[in-house]
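Enquirer: Quick one: the structure is below, and I'll ask about it shortly.
Please treat every number below as a calculation from the coordinates, not as lab data. None of these values were measured; they are calculated from a predicted model. Cβ atoms come from the backbone with ideal geometry, glycine included; neighbour counts cover every protein chain shown.
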Amino acid sequence: MQYNPLIIAIKSLTLLITARVNFKSESIGHKIFVNNQEHTIFRQAILKNQQEPQGIFCVWFGTKMSPKKTKILSIVTMIGFMGFPGWVSKKWLISDKTGDFGGIYEFDTVENSKKYQNSYAMKFSKWRSKEGNFKTEVFDRQKFPYGKIRG
């Protein structure tokens, strides 16, 4: 099923305007060890009052832009995914060693995680990534290999 980016953007803006998204500042600076590298959380957003999500989507990429510009662009790109069906949370990560980026998203179901994996948002992310430096993964919460991500 194709999702209309305009509808997703309107839903995203509605979530932001109605304060249904919590930006967790206490998570900023925490470290996560993923793919044999240490990553630092530089932003986290969680949809308020959600049940524990079952699907986890991860993206790892090296960007064509500087890390500083990528962090700024990531504020704008929030509009492209927060309204996506089943979205619950996202952690934005940067590798301390390479400067590459990652995102760990939570969705209500594994199916919605897989749909997001094939969405226009990921096509855009791949387009703006360095050649050969783009990877996505989908997991069931019970089989997530990178440890605890809630909170």
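Enquirer: Excluding same-chain residues fewer than 8 positions from residue 123, which lysines have a Cα within less than 16 Å of its Cα?
Expert: Those lysines meeting the cut-off are 64, 114, 115, 135.
Enquirer: Check each of the trypsin sites (Lys or Arg not before Pro) in region 75-117 and keep only those in coil by DSSP with at most 10 other C-beta atoms within 10 angstrom; list them in order.
Expert: 97
Enquirer: Hey, what number do you get for the chain at 222 nm if only DSSP H runs of n ≥ 4 count, each worth -39500 (n - 2.57), divided across all residues, to the nearest 500?
Expert: Values: 4 runs with 40 residues, N = 151.
The helix-only estimate for the chain comes to -8000 deg cm²/dmol at 222 nm.
Enquirer: Now, a different point. Over region 80-120, calculate the relative contact order: mean separation of alpha carbon pairs under 8 Å at least 6 apart, over the residue count, as a percent.
Expert: On the way: 42 pairs, mean separation 14.6, N = 41.
Worked out over region 80-120, it gives 36 percent.
Enquirer: Continuing with this model, one more query. Roughly speaking, what is the centre-to-centre gap between region 30-82 and region 92-108 when only Cα atoms are used, to the nearest Å?
Expert: Region 30-82 and region 92-108 have Cα centres spaced 5 Å from each other.
Enquirer: Relative contact order, percent, of the chain when contacts are C-alpha pairs under 8 Å separated by at least 6 residues?
Expert: Details: 271 pairs, mean separation 45.4, N = 151.
Result for the chain is 30 percent.
Enquirer: If you wrap a convex hull around the alpha carbons of the chain, what volume per residue comes out, as a whole number of Å³?
Expert: With only Cα atoms used, the chain gives 108 Å³ per residue.
Enquirer: Residue by residue through region 115-121, which ³J(HN,Hα) values in whole Hz follow from phi under the Karplus form 6.51 cos²θ - 1.76 cosθ + 1.60 (θ = phi - 60°), with glycine and proline marked x?
Expert: So the J values, rounded to whole Hz, are 5, 5, 4, 9, 7, 4, 4.
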